[in-house]
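Laboratory data are not the source of any read-out in this text; all were calculated from the coordinates shown. Predicted model, so just to flag it, every value in this text is computed and none were measured. Glycine also receives a Cβ, built like all others from the backbone with ideal geometry; neighbour counts cover every protein chain displayed.
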Amino acid sequence: MENAVVANVLRGEGYRYCQTNLAEAGIYYKYYQEGFHIVMAVDLSGGNRFSVQQYRSMEEHAMDLFYHPQGRLGDFPDGFPVYHVEMLTLLIGGDSEVERKLCAECRNVWVYQPQSGRLLIYENQPGDFFGLRGALEQGAGTGGAGEMSRQGTGAGGWAETSRQGAGAGGWAETSWQGTGAAYASAQNTAKNRLGILWKNIRAEYVTIALVVVNVITYLVLEWLGDTTNGFFMAEHGAMYPDFIRINHEWWRIITAGFLHFGAVHLVNNMVILYCMGSRLERVTGHLKYFLIYLVSLIGAGLLSYGMMLRTGDYAVSAGASGAIFGVIGGFLWIVILHRGRFEQITTRGIMMMIVLTIYYGFSSAGIDNWGHIGGLLAGFAVTVILYHRNRQKY
């Protein structure tokens with residue numbers, strides 16, 4: 001069912017309408033610069049209640065439709081490329097508890113209240129969507145004077161600031177609360193932000209723990225000696241073939257993955273680990289993510305060790321990059337499983353990153369390329385085993 005106000009605004013902005021299998025949800029779309037901007041309007045006014053899992057399944061189906069529009073959209077011509085799809089969900093009316101939950105746990109979700117004509121944007125959501133906010137604010141209010149509120153998503157209070165359009169003169173009017181109310185509002189906002197921060201920490205605590213362990217290990221070793229010295233690093237757990245071949249110190253395969261040659265080596269690896277690892281952990285879960293990381297680390301060390309024995313080119317090896325390549329390999333499988341795109345990461349983009357990184361490694365000195373390849377293959381393989389796409393229908 002289409003909401004008249006929303007439909008008029010979106011059609012006025014050049015969007016076209018596409019009915020979905022659900023009567024309560026419709027999609028507005030427009031082709032823009034080799035990609036789609038889509039707005040999924042979900043009508044909750046009839047008491048419909050969607051779980052986060054159901055919503056994500058709906059979102060996945062919608063994204064898939066527009067990444068593969070040929071034959072699915074009757075008016076979309078063959079041969080037009082689709083390189084990106086940007087999606088916004090607009091919840092219309094309904095249960096405020098459902099709205100808060102979806103806005104707190106999902107991305108790119110706004111709320112429109114048809115009774116009051118208000119557009120609500122929670123503080124963890126984007127402030128605009130390709131200029132659509134202004135059009136919705138103007139179209140929602142009487143005579144073009146729309147009202148927009150930014151609210152916190154936590155349960156511990158609501159911080160609301162309203163901005164209203166003025167009369168015919170076009171002046172903006174800002175209302176100020178009393179000192180006590182402003183203080184309470186600031187407290188609520190701080191609580192909400194702390195709640196969001198704590199929620200993010202809980203969602204990626206394995207990645208954070210891995211980064212902390214690597215940093216602490218580096219600081220301790222740097223205090224004890226010189227982390228850029230190969231002999232010092234080998235003495236403190238780095239991998240060297242003879243230590244394994246002769247002394248059978250297989251534990252070095254793992255310990256080497258937590259040692260780094262200098263601050264630059266550490267920082268480069270930790271930035272990539274946090275950026276990619278936190279996303280993979282959110283998708284796979286904490287235990288599976290840790291297993292992917294550990295198996296990748298071991299796979300990287302074993303292939304590096306084996307190739308050193310085969311070529312006779314011995315070197316002291318250390319660093320988390322093999323395990324990080326395993327994380328990238330895991331994400332490669334997830335993107336492939338989701339038909340070429342997942343959370344703004346495409347198969348083309350991640351493959352280009354892998355190829356360029358490996359090429360740089362082979363064209364530069366002092367980089368354990370076989371460790372990278374071993375981690376990549378191990379991470380990809382174990383993710384194939386552990387991660388299966390949610391195929392729940394909606």
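The Stokes-Einstein estimate for segment 286-364, based on a Kirkwood radius over Cα pairs and taken at 10 °C with 1.306 mPa s viscosity, is a diffusion coefficient of 114 µm²/s.
Amide H contacts for Gly225 (H built 1.01 Å from N in the peptide plane; partners 5 or more residues away or on another chain; cut-off under 5 Å): none found. Between amide H atoms placed 1.01 Å from N, distances below 5 Å from Gly319 occur with Gly257, Phe258, Leu259, all of them 5 or more places distant or on a separate chain. Computed from label points 7 Å out along Cα-Cβ, the spacing between Asp226 and Trp251 is 2.7 nm.
Computed over the alpha-carbon pairs of segment 230-302, the distance histogram in 10 Å steps reads 18, 42, 30, 10, 0 percent, short to long. Scaled against the 2.2 N^0.38 Å expected of a compact globular protein of N residues, the Cα radius of gyration of segment 210-344 reads 1.11.
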